[in-house]
Amino acid sequence: MFVLVARGFSVAKYVFVTGGVVSALGKGITAASLGRLLKARGLRIGVLKVDPYLNVDPGTMSPLQHGEVFVTDDGAETDLDLGHYERFIDLNLGRVNNVTTGQIYADILARERKGEYLGGTVQVIPHVTNAIKDRIRQVAQSSGADVIIAEIGGTVGDIESLPYLEAIRQFRTDVGRDDVMYIHVTLVPYIEAAGELKTKPTQHSVKELRSIGIQPDVIVCRASVPLSRDMKDKVALFCDTDPDAVVQNIDAESIYEVPLLLEQEGLANIVVRRLGLSRRVSRPDLSEWVGLVERAKRPSSGTVRVAIVGKYVALHDAYLSVVESLAHAGIANDVSVDIKWVDSGTFEEEVGLGELAANGRPAANGRNAANGRNGVNGRAADASDQSTEHRAPRAGHGAGSLEAAEGTSVGFLMDLSRRQRRAYIGRRGKADEVLADVDGVIVPGGFGYRGVEGKIEAIRWARENKVPYLGICLGMQLGVIEFARNVCGLDDASSTEFSPDTPDPVIDLMPDQQNVENLGGTMRLGAYPCLLAPGTLAADAYGERLVQERHRHRFEFNNAYRERLTAAGLVLSGLSPDDRLVEIVELKDHPWYCATQFHLEFKSRPNRPHPLFRDFVAAALARRSK
């Protein structure tokens, strides 16, 4: 759809959400909740997340610093807030819905090198701000939405966000003042010693925003306790805002309750009136949402406990979509899901290289075998790297291991002499102690060797004790390695991501990844089809034969081992339609064991849980009931 951008003739309306005082206030949840409320009124919604950092995308950033990378159908590696947008508004988003300063500057500099600025001086104003406004308009053009909600990342006052604030200030003049509004999310802290809320941080935050030229139309006050009418009036007085436009957003039991709380505050009605949409909306029907929130808060079937075994558990946002998918599955099964966070290092120990060799499970041969966060195999190029097929089993292997610093990419640490040589082995028996009280085990995605042996030990425990197991991406690959080692007798089976010279590379680098050098945006990314085998857990869960799921990986099941592993009881329940890629594996003699190469968590919705998460929680509930 073509969007007229001349003043007063814009088809779309624009809502810009900014934040002040501190980060992590929930701007993303506020934007997503508003999108849900406006969609419930019959409006078409488009969204944009602006990230002021210089990275092109978060794909090369550490999960411990940034949180999870949310992958869209078109293969974009995006900010985790896009996951909130998809789950709350029930949209499938894409590359156009997330913009970073890195993308803006990369585009501008590429155009400058081509001479497209005709010798002019390239400046922040107007070139950077115009590029930002173009990206905002692209969302309207691609979505055909009635309302575009754009969340500006960071906090007002940050240097890196200034060009974005200037751009959205200009945007109101560009498209017309009746078609743009600003929502500012701030903190109203409760001082426990004084027993009262304080509005001064909000006043100063709005003052900072107004000094840039933006007067917020709505102020959303994040607080731990409700704001009195007098408190709202005080904020309105000092911030020059309509008292009815001061909206509280207090802590909730479930994030899915936030849209209902904001509906009670009248946020969506304020937006509808301010943007002149009253004649275009219908009465909101939130009955389905009310029902799912009620089930989330008061489940009738008790609680199941699920262990998430990973290496990034220090920051729960690193597995945000997994956590939310479990919540969705709990709602569907009318049960509360209690997550037990388990650092995979709990189940492994670091050993010397000589000790590792004696143990009989070397990790690598010590040459350029380090792997960065994105899982690219950094070994030195040789003849085997040019192959277009997987490597077959071979005898002989070396000893040793190399691992990049946590969250670091090989491309940024080419001096291998700086790396610490490490090796790990699993700690048998520890899983019995740590996992004894859980009803299911999940091993999610990840990169790098640290924590791998611990995850394999957790998978072994789940398999041997018939505990429901769900493996995701790396969790699928490690499930294959565990099965090959402990069932098929391939003691040194591994992945060439961690062990380039393993004699049994049951997981290997994808052929089209052999000569990839750049780390960012080069994995197998986005939605791909998967054909399900009849009579399997996966087929029963989905209820259909062909499905589309999102991927983010470089390594895959080595087809040279298909016959040996399936003969021992491994079920290949999902394959690519051309039969080349293994997408899902199961076990014949296990009540519920399913592991996927794709990231199923990215497609789950609170009102439409992912089928495999739903059935995994059902299996955990059945185990708990016994």
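The values are calculated or read from the model by the stated rules, or taken from the named source; none is laboratory data. None of the values given here were measured: they were computed from a predicted structure. In this analysis, Cβ positions are derived from the backbone assuming ideal geometry, glycine residues included, and neighbour counts consider all displayed protein chains. SASA here: full protein model, heavy atoms, side chains in, ligands and nucleic acids out. Shrake-Rupley method; radii C 1.70, N 1.55, O 1.52, S 1.80 Å.
Listed conditions (1) charged (D, E, K, R); (2) in contact with an Asp or Glu (Cβ under 9 Å, 6 or more places away or on another chain); (3) within 30 Å of Gly59 (Cβ to Cβ) are all met by Glu349, apart from (3).
Of the numbered criteria (1) in a loop (DSSP other than H, G, I, E, B); (2) open to solvent by 10 Å² or more (accessible area, probe 1.4 Å), the one Phe598 fails is (2).
Take the residues in the range 510-559 that are surrounded by fewer than 19 Cβ atoms within 10 Å (Cβ to Cβ) and among the polar types (S, T, N, Q); name whichever of them is modelled with the lowest pLDDT. Among those residues, the one meeting the criterion is Asn518.
Of the residues making up the range 302-335, those that are over 22 Å from the mean Cα position of the chain (by Cα) and either buried (at least 16 other Cβ atoms within 10 Å of the Cβ) or within 22 Å of Glu433 (Cα to Cα) (or both) are Thr303, Val304, Arg305, Asn333, Val335. Taken together, Val99, Val124, Val147 contain a single residue that is surrounded by fewer than 23 Cβ atoms within 10 Å (Cβ to Cβ) and of a type in the set (Val, Ile, Thr), which is Val124.
Would you tally the residues in the range 577-595 being touching an Asp or Glu at 6+ places or on another chain (Cβ under 8 Å) and open to solvent by 10 Å² or more (accessible area, probe 1.4 Å)?
Residues of the range 577-595 that are touching an Asp or Glu at 6+ places or on another chain (Cβ under 8 Å), as a first pass: 581-583, 592-595.
Those left that are additionally open to solvent by 10 Å² or more (accessible area, probe 1.4 Å): 581, 592.
Final tally of qualifying residues: 2.
Report, by residue number, each residue of the range 478-500 that is over 17 Å from Ala560 (Cβ atoms) and under 31 Å from the mean Cα position of the chain (by Cα). Let's see the steps before the verdict.
Within the range 478-500, the first condition is being over 17 Å from Ala560 (Cβ atoms), and the residues that meet it are 478-479, 482, 486-487, 491, 498.
Once the filter is applied, which keeps residues that are over 17 Å from Ala560 (Cβ atoms) and under 31 Å from the mean Cα position of the chain (by Cα), the range 478-500 yields Leu478, Gly479, Glu482, Phe498.
What helices (runs of 4 or more DSSP H) lie completely within the range 184-301 and have 3 or more residues being over 20 Å from Gly28 (Cβ atoms)? Ranges flagged: 200-212, 229-239, 267-274, 287-297. Considering only the range 213-240, state which residues are without any contact (Cβ under 8 Å) to a residue 12 or more places away in the chain, exposed (fewer than 12 other Cβ atoms within 10 Å of the Cβ) and over 18 Å from Ala194 (Cβ atoms). Passing the criteria: only Arg229. Restricting attention to the range 267-295, the residues that are buried (at least 16 other Cβ atoms within 10 Å of the Cβ) and over 28 Å from the mean Cα position of the chain (by Cα) add up to 9.
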